[in-house]
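Here is the structure we will look at, set down as C-alpha cells.
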C-alpha cells in the first residue's frame, strides 16, 4: 500500500515548490484572497480589518511614539507599542493602552491581544489586566516571547 505522501505526489504531477524571499502583489493576493474566502466560508463574514493608531505627539504635532494595531473578528490586536526611553515609566504607555482599549470597546471588540519579548515589557501588560496565554522559549534566541490576552467584561 502506498503511503499518503506517495499518493499525494502521484496526484500532483508537474507541480513544483519554490522558496522565495520576496513576492509581488499579484502572488500575495492569490494566497490572501484564497485564505479570506476560506475564512469567510468557515467563520462567517467579517468586516475588513480596521486599523488602529494611538499616537503620542509633542506640542508641535511631532509623533513621539504610540501604539499601532487593528480590529478584526471582534478583537483588537496591538502589533506595535513604543515610547522613547525618556517617556517610559511616566504613565504614557498606560494612557496609550487605555485609549486603545477604549477604542476597541467602541468598536464592539471582545478584547485585545498582543505579544512582547522578555526584554521588552512582559511585566507592563499584566498590570493592565492582560493574561499570559503562551510563552515561546528561546524566541528570539536567549529570550522568550509572551503572548497576552485581555478579555473585556460586560
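The values are calculated or read from the model by the stated rules, or taken from the named source; none is laboratory data. These numbers come from a predicted model, not from an experiment. Here Cβ is always computed from backbone atoms with ideal geometry, including for glycine, and neighbour counts include all displayed protein chains.
Tell me whether the range 16-25 contains one or more residues that are modelled with pLDDT of 90 or more, surrounded by 10 or more Cβ atoms within 10 Å (Cβ to Cβ) and farther than 30 Å from residue 83 by Cα.
Scanning the range 16-25 turns up at least one residue that is modelled with pLDDT of 90 or more, surrounded by 10 or more Cβ atoms within 10 Å (Cβ to Cβ) and farther than 30 Å from residue 83 by Cα.
Quick check on my filter: what residues within the range 92-130 are assigned to a strand (DSSP E or B) and surrounded by 15 or more Cβ atoms within 10 Å (Cβ to Cβ)?
Within the range 92-130, 111, 112, 113, 114, 115, 116 meet the criteria.
Evaluate the following for residue 69: is it within 16 Å of residue 128 (Cβ to Cβ) and part of a helix (DSSP H, G or I)?
Judged against the criteria, residue 69 is not a match.
Give the number of residues within the range 69-86 that are surrounded by 11 or more Cβ atoms within 10 Å (Cβ to Cβ), over 15 Å from residue 120 (Cβ atoms) and free of Cβ contacts under 8 Å to residues at least 40 places away in the same chain.
8
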